[in-house]
C-alpha cells in the first residue's frame, strides 16, 4: 500500500475511529455504530477494509508493524541545520537553502543559476571579509559542505563572492 492509498483509507471518520479503538485495545463495533450514528453494515464494511489492508489484526489490535512499514515508505525531506538558514534571508531563499542542505551538508550543487547564487552566497558567509585565505583553507572549508569543493571554489570566484590572486583568496561579495 502506498502512502496515498493509506491516506484515502484512513481519512474517513469511521475507519479512523476504528483504528483509534484498535490502538487503545478497545475496538467495539457496537460502540462505533452508536458514536457515529451509523448503520452497522457501514461500520462492518469499514472494519473489513481495515482488516483487508492489514491494519487491524485478528485479535482486533492495531497492526503496528504494518504502520511502521508504511511510515518507512514515506518520503523524507532532509532538514537543513538551523545555522544554515539563520540570518537575513527571504522566505524564498530559506526554502532554496532548506531544499539543498541536509544538516550542514550541501546535497547537490544547484544547476539553476538563481538557486546556485543563493547557495553560493550562503557558502561565502563562511569566509570573513578582509581576511586572506590560502587555497588549502578554502578547500578545507568548502569540503565541510560538499565533496566537490573545487567546483564550489570555482563558482565562488566566477560569481564574485571570492577573489583569487597568487593562490590567495579573500571574500569580495555577498552579505555580511
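Residue 97 falls short on exactly one of the conditions (1) in a loop (DSSP other than H, G, I, E, B); (2) within 20 Å of the chain's Cα centre (by Cα); (3) closer than 21 Å to residue 176 by Cβ, and that condition is (1).
Hey, among the residues in the range 77-97 that are crowded, with 16+ Cβ neighbours inside 10 Å and touching a strand residue (DSSP E or B) at 6+ places or on another chain (Cβ under 7 Å), which one's nearest to residue 50 (Cα to Cα)? Per the criteria, the residue is 80.
Across the range 56-76, a minimum of one residue is classified as out of contact with any helix residue (DSSP H, G or I) (no Cβ under 6 Å at 6 or more places or on another chain), at pLDDT below 90, loosely packed, with under 12 Cβ neighbours inside 10 Å and assigned to a loop (DSSP other than H, G, I, E, B). Residues that are surrounded by 14 or more Cβ atoms within 10 Å (Cβ to Cβ) and in a helix (DSSP H, G or I) within the range 21-41 comprise 21, 22, 23, 29, 32, 33, 35, 36, listed in sequence order.
Filtering the range 100-115 to residues that are assigned to a loop (DSSP other than H, G, I, E, B) and touching a residue at least 40 places away in the same chain (Cβ under 8 Å) leaves 104, 109.
Restricting 84, 14 to residues that are assigned to a helix (DSSP H, G or I) and closer than 30 Å to residue 121 by Cβ narrows the list to 84. Of all the listed residues (143, 91), the sole one being free of Cβ contacts under 8 Å to residues at least 24 places away in the same chain, farther than 14 Å from residue 174 by Cβ and more than 20 Å from the chain's Cα centre (by Cα) is 143.
The values are calculated or read from the model by the stated rules, or taken from the named source; none is laboratory data. The structure displayed is predicted, hence computed values, not measured ones. FYI the Cβ positions are ideal-geometry reconstructions off the backbone, even for glycines, and counts take in every protein chain you see.
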